[in-house]
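What follows is a set of notes on a single structure, which appears directly below.
Each reported figure results from applying straightforward, stated rules to the coordinates on display, with no laboratory input. Not measured: the values here are computed from a predicted model. Positions of Cβ are generated from backbone atoms using ideal geometry, with glycine treated the same way; all protein chains shown enter the neighbour counts.
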Amino acid sequence: MQSTEWYCICGSLLTFLLFSASKFQLPHYLNIVFPFFAIITAQFLYSVKNEKSIRAITIVQVVVIVLMLSVILVLQYFFRPEGSQLVLGGLIIWIAALIGLPAKISGDKVQKIITSTVVASFIVNLYFNKVFYPSLMHYQAGSQAAVWINQNNRDKLPLVQISDEYMTAMDFYSDQPVTAINADGTGPLPKTPFIFYAPQTLMNTLSAKGWTIKPVKTFERYWVSRLTPAFLNKATRQQQLTPMQVVVVSGVGK
């Protein structure tokens, strides 16, 4: 048992330090250390017998549970995600389970608070994956536009987009190759007609240059990995959005 725990400690800490020192860091890189931390935590909780320690663990976990559920309530109040009524009904059932389930599973105090934390974590993940993130992804305009074009580009027109820091979403979700051009309209343009995806302000500029443009769909764009209070608040969100248009270009001015 002792050697095994040294394996977990060394495996988790060395990997954690390695990723921390790396210049290229992404949150999901830490997934590999979570099983090690889980084993260490489980061993500690199994060994806790002192009443004072159990009380301290219970207080800390109750605070964590309250904070997690508070995040849901705050997001629901300010963000106002679409189509969340049904899921919220399910969340109410799970919150009831959070209150009554631990007492039915075990009389052990540590197991009760562990069960409560697990149920609270399930509630939070259910909300984020079924309510918050699906609504949030509506503002990743590149992916939304790509899916729409996949379904509506029956003539298989070439697809062009403006080259900027948001272009990867369109590339990833599109069923066809995407050509990137510069903001001034220069670049490897295909023969007309073609579908063009860019900010609405740029469409107006290109129209003034002589491009023949027919708008077909508008999307609202925001960098969804860089959330701010102004965006999360429905009352101020509109000012943070960039209108994006999908158009058909039938002529390019000189």
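Observations
- Cα-derived Rg to Rh of region 107-185, Kirkwood definition: 1.33
- Beta bridges by DSSP in the chain, antiparallel share as percent, to the nearest 5: 70 percent
- When the Cα gyration tensor is reduced to axis lengths a ≥ b ≥ c, the ratio a/c is 1.5 or higher for region 1-76, and with a/b not above b/c it is classed as oblate.
- The residues packed around Leu202, meaning those with a beta-carbon under 12 Å from its beta-carbon, carry a net charge of -1 if Lys and Arg are +1 and Asp and Glu are -1.
- Anchor Lys191: aspartates and glutamates whose Cα lies under 18 Å away (excluding residues fewer than 8 positions away in-chain): Asp155
- Cα-based Kirkwood hydrodynamic radius, region 2-137, one decimal, Å: 17.4 Å
- Debye-formula intensities of region 140-251, expressed as log10 I(q)/I(0) at q = 0.23 Å⁻¹, are -1.33 (one equal scatterer per alpha-carbon, no solvent).
- Cα centroid separation - region 145-188 against region 1-46, whole Å: 41 Å
- Given 15 as the ceiling on other Cβ atoms within 10 Å, longest exposed-site-free region of the chain for GluC sites (Glu not before Pro) in DSSP loops: 166-254
- Charge tally for Val216 (other residues, Cβ to Cβ under 14 Å; Lys, Arg +1; Asp, Glu -1): +2.
- Options (1) 65; (2) 53; (3) 39 - which one matches percent of Cα pairs over 24 Å apart as calculated here: (1)
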